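The values are calculated or read from the model by the stated rules, or taken from the named source; none is laboratory data. Given the structure is predicted, the values throughout are model-derived calculations rather than measurements. Counting neighbours? That spans all protein chains shown, and the Cβs are built from the backbone with ideal geometry, glycine included.
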C-alpha cells in the first residue's frame with residue numbers, strides 16, 4: 001500500500017508539471033502597479049523633447065503621466081503669491097500673482113478669437129484684409145500652441161472685409177479703457193450682420209498699419225465696473241486693437257496683448273528710455289521680439305500651462321533638477337517665498353524653440369513682487385552680468401548667486417536640465 005501511494009503521488013506531480021505553461025506567469029502589465037515610478041518619472045529625470053514612448057509602452061497607460069514629475073518640496077499653494085489688483089496703473093484686473101480673475105480670457109483648450117478689419121473715411125486701407133491677417137497668422141497661433149505645451153489652441157476667425165467706421169480717425173482717440181471698449185463695440189456692431197459672435201472668446205480689431213491712426217495696439221481687458229462688448233447675447237470682456245507698430249512687432253504683437261487678456265502684466269519698464277531695465281530680452285511680456293521671448297515659468301504657472309506638481313516650493317531650501325521651460329515635462333520652477341508678496345524664482349532656459357536666439361542657456365533667477373504695478377518692475381531678473389539685455393544672466397554649472405538671503409547654486413547641467421541647490425544663511 002505504501003508503494004502504491006508513492007506511485008500515485010509521483011504520477012500526480014508529473015501530471016501537474018506537464019500541464020503548466022509560461023502563460024501562468026503574471027504579465028508585465030500586471031506587475032506595473034507595484035512599481036509606479038516606472039510610469040511617472042522622478043523630478044530628476046530629463047524627458048525627451050517629444051515625450052516619446054518607451055520600448056515597453058504597455059507599462060505606461062498614457063503619454064501624459066510621463067510628463068508629470070514627482071512632487072518636490074512643500075505644498076505649492078504656499079508659494080502662490082496673492083495678486084494685488086489695487087496697484088495697477090491702467091488695467092485693474094491683471095496681476096502678477098494668484099489667482100488670475102475669472103473675467104480674463106481662458107488660457108487652456110480651444111480659444112476662438114474674432115478678427116475684424118476696419119478703416120476710416122480719412123484713413124482708408126491700402127491693402128487687403130488678407131494681407132493684414134497674414135501679419136499675425138499662423139505665427140500667433142503657433143506661438144501659443146508651443147509655449148503652452150499644446151494646452152492652448154487659439155483659433156483666429158477672420159471676417160475678411162474692410163468695415164468702414166462711421167466717424168473720422170480722430171473720433172477714436174483712445175484716451176481711456178471706456179473709449180477703447182466703445183471702439184471695439186462699434187466694430188463688432190458693423191460686423192454683426194455677417195458674423196456669429198455666439199462662440200467667440202476674444203475680439204481683435206485691426207487696421208492697415210500703413211494708414212492706422214494709432215501708433216500702437218493695446219489690449220482691452222475689461223473690469224466688471226466698466227463692462228465689456230455686448231454682441232449676439234454675449235458679453236466679451238477681452239480683446240485688442242492694432243496700430244502702426246504691427247509692422248515692427250509682427251505676429252508676437254498679438255501674443256503680447258493676449259497675454260494681458262489672460263491676466264498677465266507688462267514686464268518692461270513704463271515711461272523710460274531703458275525699457276529693458278527689469279527683464280531685458282526675456283519673455284514676450286517684456287520685449288515683444290526679444291531673443292528669449294518665451295514666457296517665464298512663473299507666467300506659465302499663472303496660466304495653468306505649468307501645473308502645481310511641476311513647482312518645487314522651497315520655503316526652507318532644497319535641491320531639485322529643473323527641466324528647461326522650452327521643452328515639456330519635468331519640474332519647471334523653484335519658488336522660494338521671502339515675504340508676503342515676494343519670492344525668488346529659479347528656472348532653466350535653453351536655446352530651443354522660441355528662445356533659439358539666446359546666446360547661452362542656463363539657470364535664470366528672478367524676483368517676483370506682486371505688490372508692484374504692471375510696468376514698474378514686479379518681476380526682476382537677477383544677474384551678475386553686465387549686458388543691458390540680461391542675456392548673460394543664466395548661471396552655468398558651478399556658478400551661484402545670492403539674493404534676499406538665498407544662495408542659488410547650479411550643481412550640474414545636462415542637455416535640457418539643471419540641478420539646483422537652494423540654501424538660506426549669511
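Taking the criterion of being loosely packed, with under 15 Cβ neighbours inside 10 Å and without any contact (Cβ under 8 Å) to a residue 60 or more places away in the chain, the only residue of segment 403-416 that qualifies is 412.
Screening 280, 292 for residues that are on the phi > 0 side of the Ramachandran plot, modelled with pLDDT of 95 or more and crowded, with 24+ Cβ neighbours inside 10 Å leaves exactly one candidate, 280. Scanning segment 195-250 for residues that are under 16 Å from residue 105 (Cα atoms), at pLDDT 95 or above and part of a loop (DSSP other than H, G, I, E, B) yields 197, 198, 199, 200, 201, 218, 228, 237.
So which residues in segment 228-270 are farther than 17 Å from residue 112 by Cβ, in contact with a helix residue (DSSP H, G or I) (Cβ under 6 Å, 6 or more places away or on another chain) and surrounded by fewer than 24 Cβ atoms within 10 Å (Cβ to Cβ)? Correct list: 246, 251. Looking across segment 156-172, the residues that are loosely packed, with under 14 Cβ neighbours inside 10 Å, farther than 24 Å from residue 201 by Cβ and touching a residue at least 40 places away in the same chain (Cβ under 8 Å) come down to 164, 167, 168, 170. There is no residue in segment 382-405 that is under 19 Å from the mean Cα position of the chain (by Cα) and over 16 Å from residue 293 (Cβ atoms). The selection criterion, being more than 28 Å from residue 223 (Cα to Cα), in contact with a strand residue (DSSP E or B) (Cβ under 7 Å, 6 or more places away or on another chain) and part of a helix (DSSP H, G or I), holds for residue 130. Restricting to segment 352-391, give me the number of residues that are at negative phi and either surrounded by 16 or more Cβ atoms within 10 Å (Cβ to Cβ) or touching a strand residue (DSSP E or B) at 6+ places or on another chain (Cβ under 6 Å) (or both). Qualifying residue count, segment 352-391: 26. Here 143, 98 are screened, and the one residue that is crowded, with 20+ Cβ neighbours inside 10 Å, in contact (Cβ under 8 Å) with a residue 60 or more places away in the chain and either farther than 17 Å from residue 306 by Cα or not assigned by TED's automatic domain parsing to the domain that holds residue 338 (or both) is 143. Among the listed residues 287, 379, 364, identify the single one that is touching a helix residue (DSSP H, G or I) at 6+ places or on another chain (Cβ under 8 Å) and at pLDDT 95 or above. Result of the check over 287, 379, 364: 379.
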